[in-house]
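A.B. asks: Structure incoming, see below.
Every number in this text was worked out from the coordinates using simple rules, so none of it is lab data. Worth saying up front: this structure is predicted, and the values here are computed from it rather than measured. Here the Cβ positions follow ideal geometry from the backbone for every residue, glycine too, while neighbour counts run over all protein chains shown.
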């Protein structure tokens, strides 16, 4: 598949399913702080790298190495973001 070809329904469904799984995994890791319909600009590229890395094998690509880079970029972004957030105390 070249960049000029349109994405088929089956391929689109595969990518959507994998992307949903990636979001669930990142949520469990504490790296999702935004709603589905409001992905921050700073997160879009790292998230795309992660999803592409997870989808590469679906399309016969074993040479895509940027998924791990995207994960590290997202962790770094969330670390910086959380460092500026106030910490709420919970008293028992």
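A.B. asks: What number do you get for segment 1-50 when its Cα radius of gyration is normalised by 2.2 N^0.38 Å, N = residues? It would help to have the intermediate numbers written out before the result.
C.D. replies: Values: Rg = 12.7 Å, N = 50, 2.2 N^0.38 = 9.7 Å.
Compactness ratio reported: 1.30.
A.B. asks: Starting from the Cα-Cα distance between residue 5 and residue 69, subtract it from 0.36 nm times their residue separation and give me the gain in nm to one decimal. Display every interim value, and only then the final one.
C.D. replies: On the way: separation 64, 0.36 × 64 = 23.04 nm, distance 2.67 nm.
Gain on extension, residue 5 to residue 69, equals 20.4 nm.
A.B. asks: Can you tell me the convex hull volume per residue for segment 10-81, based on C-alpha atoms, in Å³ to the nearest whole number?
C.D. replies: Details: hull volume 5.8 nm³, N = 72.
Cα convex hull per residue, to the nearest whole number: 80 Å³.
A.B. asks: Provide the FRET efficiency to the nearest 0.05 for the residue 81-residue 37 pair, computing r from the beta carbons and using R0 = 30 Å. Before the final figure, lay out each step's value.
C.D. replies: Numbers: r = 19 Å, r/R0 = 0.64.
FRET efficiency, residue 81 to residue 37: 0.95.
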